[in-house]
Amino acid sequence: MEDVIVVIGGGPAGMEAALSLAGRGHKVYIVEKTNALGGHLARWDRLFPQQDPAQDILNDMLNGIKNADDKIEVICNAQVQSVKKRMRGLEVMLSNQKMIQADAVLVCCGFELFRAERKEEYGYGIYDNVLTSADLEERFRQKKVLCADGRVPEKVAFVHCVGSRDEKVDHTYCSKVCCVTAVKQASEIKELYPQTEVFNLYMDLRMFDRYFEQMYHKAQSHYGVHFVRGRLSEVSETADGRLQIKTEDTLLGRPMKLTVDMLVLMVGMQACAQTEELSEKLDLKVSSSDHFFETKDLFLKGNYAHTKGIFLAGACTGPKSLPDTLQDARSAAESIHRYLTA
Amino acid sequence: MKLEGKKLIWKDYQKEIPDDKYFYVRSCIRQNFFPSSEYHFLKIMREDLGKDVYETEHHTTCGGIGYHCDVIQLDTIMSIVARQFALMTEAGYKNYAVSCITSFGLYTEIIHTWQTFPEILEKTRRQLKEATGREFEIPEHVAHASDIIFKLRHEIAAKAKYKLINQKTGKPLKVVEHIGCHYAKMFPHKGVGGAEYPYVLAGMVEAWGGEVVDYPERRHCCGFGFRQYFVKSNRGYSLSNTHKKFESMEPFKPDMIITNCPGCPYFLDRWQYVIAESEGKTYGENGHGIPVFTYEEVAGLVMGYDPWDLGLQVHQIAVEPLLDKMGIPYAPEAKYKGLDGKDLGKPEFPQNICCC
């Protein structure tokens, strides 16, 4: 009899883990709350560090799931209602009243983007030309990044660490991917509009992974992107609809005022709204410091929840890049396989 | 600019403001700067709106200016504030209405300190008892007087004789709202609308027919900034601040400025004269400045009070262009006459800014 695994969440982690588990002969149900698989990846244009089209990566995974025959069953527009321990395994009840007898549950509910409106001083949702990194990615997909009045922006500024490393919003952690995403997006703006001046306002540049440092250097030497170390204090709109921003160049030790046509807020990751609810239903531990799920340990049990038969993967256990998320998903599949075959 | 975005933020910064039964405390300096504002707050509240507002001559300075100039310790200030609250307690009131923005910020800060550190509250109670024999209760509500006018803005609008509308064009007047720094920048949840996009004056402007101007240096200090002005050698900073604000609002062509702080209307008003006389630059129409008002003065104008009874003749920047736009009648010859009709004498007129 084949083992059954319920994967909660149909983003990259859930899809990749399902493919790995199906490849090992297990039956997988992916429970996705929206009407389609893909998560944040479905809304992205190109991926760092080598500008791969996000849609290609997503299509590869979707095709894999399609070709998995009956080994992977996708249940969209559904959420987990309850999980009960049984003599063998777990009884998972879904919101559509479908009941699944599972041998293991893998939680891959992912992350949410920080709500930029919370940084009131940056004017997101108020000033027309203040965007988030996700909004900009949507415009890249349309191959057009224009101001609200249809002009090509002459000056664009990126603000790093919006909702990350910020005690004021209770997010003291680093979201890991925003620095390199800002470098990627700044370079893409220059590719699209070489005459546009681009500024990156950063706190630290955390170019920690392979190829990141090269991207950062290329952004400066090839594209001429300006990097200014300093956080933004406030944003206002001028009479002609441009944005006046105030910051400090902490390397020069001087305040700085800049008028730009477009401001991009690099929104960080935060635990998704489901985290609290799932922690109660599945008896999972949530970190009091960053509000993501806690794993059993950070080394050998990095995909194990504290509850038997429940596993965790992807950005629901903290911010991760897409390559790290996919690795984590495969690692979780391996852990589940070992658990089921032990 | 999307107003909806601001409205979402305003929802997060609602505050409970009682609409009646207040113990009112005046500002140290407003009666000199804008002599009729507090008088008309009381008159509108008591006579026009029928509210119970009590004040006593035993009230003193709160010590806020000394505190923010670093010349009085917080411990001493707490005893002064405790005494004010004792006066309220003895008068039988629980709602505290504050005329001054700095006092409002200070009361908010001290109450927060007492709530966070109960041992400090006990120490203050002991000190007050030993020094004066008085006891006090912490107010149930502390409202800035502009909070109260905000709360009653629709009642005022219902009684309005004039609106913030240009009578010739029929368009809303463009109004710069300037909020005192100590209103919400320290405790955003104690101010209507928060610190970034305060709604307290914007709500009045909307209710009375005007349109708020959101200009880049809106959040910037008026130029009072205590250490900038009280330290004489720093006064250049004070003027620079005000100059920066006017340069920033100029492209929006505002018709008027409304404020809720003792210092802000004074500095925005007087420094326009200094800028005009030293640089030859004026920011209003036809060589005038941009008229600056307290919210009580604007409420008074809307309700039909005589401009000279409201004390508008002591403004440096002539208010007549605004009165003409609103269609408010006034007697030019009565501008410099006292309440008893006695001639107060005309001030010397400046060279570069039109004053009538």
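Readers should treat all values here as calculations from the given coordinates under stated rules, not as data from a laboratory. For clarity, every value in this text was computed on a predicted model and none was experimentally measured. Note that each Cβ is placed from the backbone with ideal geometry, even for glycine, and that neighbours are counted across all protein chains shown.
Some points to look at:
- Summary of packing: across the peptides A:129-141, B:271-283, the per-residue average of other C-beta atoms within 10 Å ranks them, highest first, as A:129-141, B:271-283.
- Lysines with Cα under 19 Å of A:LYS190, excluding same-chain neighbours fewer than 8 positions away: A:LYS143, A:LYS144, A:LYS155, A:LYS218
- Rg followed by Dmax, in Å, when chain A is reduced to its Cα trace: 21.6, 70
- Chain B, relative contact order [Cα under 8 Å, separation at least 6], %: 19 percent
- Using a cutoff of 8 angstrom between alpha carbon atoms and counting only pairs six or more residues apart, the relative contact order for region A:222-291 works out to 19 percent.
- Cysteine residues of chain B whose C-beta has no other cysteine C-beta under 4.7 angstrom: B:CYS28, B:CYS62, B:CYS69, B:CYS100, B:CYS181, B:CYS221, B:CYS354, B:CYS355, B:CYS356.
- Taking N as the residue count of region B:150-334, its C-alpha radius of gyration divided by 2.2 N^0.38 Å amounts to 1.00.
- Estimated 222 nm signal from helices in chain A, with DSSP H stretches of n ≥ 4 weighted -39500 (n - 2.57), rounded to 500: -8000 deg cm²/dmol
- Fewest neighbouring Cβ atoms within 10 Å first, the residues B:HIS58, B:HIS144 line up as B:HIS58, B:HIS144.
- Check: region B:150-334 dipole with +1 on Lys, Arg Cβ and -1 on Asp, Glu Cβ, in debye: 560 debye
- Kirkwood Rh, angstrom, region A:202-283 [1 / mean 1/r, Cα pairs]: 16.1 Å
- Summarising the strand pairing of region B:150-334, around 10 percent of its internal DSSP beta bridges are antiparallel.
- Inter-chain Cβ neighbour average for residues A:228-237, partner chain, 10 Å: 2
- Put a plus charge on the Cβ of each Lys and Arg, a minus charge on the Cβ of each Asp and Glu, and nothing anywhere else: the dipole of region A:187-342 about its Cα centre is then about 400 debye.
- Overall shape of region A:156-233 was characterised from the C-alpha gyration tensor. The equivalent ellipsoid obtained from it has semi-axes of 22, 14, 9 Å, in decreasing order.
- Exposure proxy ranking, count of Cβ atoms within 10 Å, fewest first, for B:PHE34, A:PHE48: A:PHE48, B:PHE34
- Beta bridges assigned by DSSP with both partners in region A:116-269 are antiparallel in approximately 45 percent of cases.
- Taking the average, over residues, of other Cβ atoms within 10 Å as the packing measure, peptides B:211-221, A:332-342, B:228-238 rank B:211-221, A:332-342, B:228-238 from highest down.
- Tilt relative to chain A, helix A:54-66 - C-alpha long axis, 0 to 90 degrees, to 10: 10 degrees
- Per-q log10 I(q)/I(0), chain B, q = 0.06, 0.12, 0.16 Å⁻¹ (Debye; single scatterer per alpha-carbon; no solvent): -0.22, -0.89, -1.53
- Top positive-direction residue, dipole computed over region A:245-314 with Cβ charges, set A:VAL267, A:PRO255, A:VAL286: A:PRO255
- Calculated SAXS-style log₁₀ I(q)/I(0) at q = 0.09, 0.16 Å⁻¹ - region B:108-254, Debye, Cα scatterers: -0.44, -1.02
- Relative frequency of Cα-Cα separations exceeding 50 Å in the protein assembly as shown, percent: 30 percent
- Helix axis angle, B:3-12 relative to chain B longest principal axis, alpha carbon, degrees: 20 degrees
- Dividing the summed -39500 (n - 2.57) terms of all DSSP H runs of n ≥ 4 by the residue count of chain B sets its mean residue ellipticity at 222 nm at -12500 deg cm²/dmol.
- Helix axis angle, A:12-23 relative to chain A longest principal axis, alpha carbon, degrees: 30 degrees
- Charge-dipole axis of the protein assembly as shown as Lys and Arg at +1 and Asp and Glu at -1 on Cβ define it, positive-most pick from B:TYR24, A:VAL83, B:LEU239: A:VAL83
- Along the axis of the charge dipole computed for the protein assembly as shown (Cβ charges of +1 for Lys and Arg, -1 for Asp and Glu, origin at the Cα centre), the listed residues B:MET256, B:HIS189, A:ALA13 are led at the positive end by A:ALA13.
- Sorting the Cα pairs of region A:43-168 by distance into bins of 5 Å, from 0 upward, gives 2, 7, 11, 14, 14, 12, 11, 11, 9, 5, 2, 1, 0, 0 percent per bin.
- Only Cα pairs under 8 Å and 6+ residues apart enter the sum, and on that basis the relative contact order of region B:66-153 stands at 43 percent.
- Average other protein chain Cβ within 10 Å of Cβ, residues B:122-132: 0
- Alpha-carbon spread of region A:116-269, three principal axes, descending order, Å: 38, 34, 31
- Charge dipole of the protein assembly as shown (Cα centre as origin; +1 on each Lys and Arg Cβ, -1 on each Asp and Glu Cβ, all else neutral): 620 debye, rounded to the nearest 20.
- Across region B:15-145, the convex hull enclosing all Cα atoms gives 108 Å³ per residue.
- Estimated D of region B:97-184 in µm² per second, where Rh is the Kirkwood radius over Cα pairs and Stokes-Einstein applies at 20 °C, 1.002 mPa s: 130 µm²/s
- Peptide A:120-129, shielding by other chains (average Cβ, 10 Å cutoff): 5
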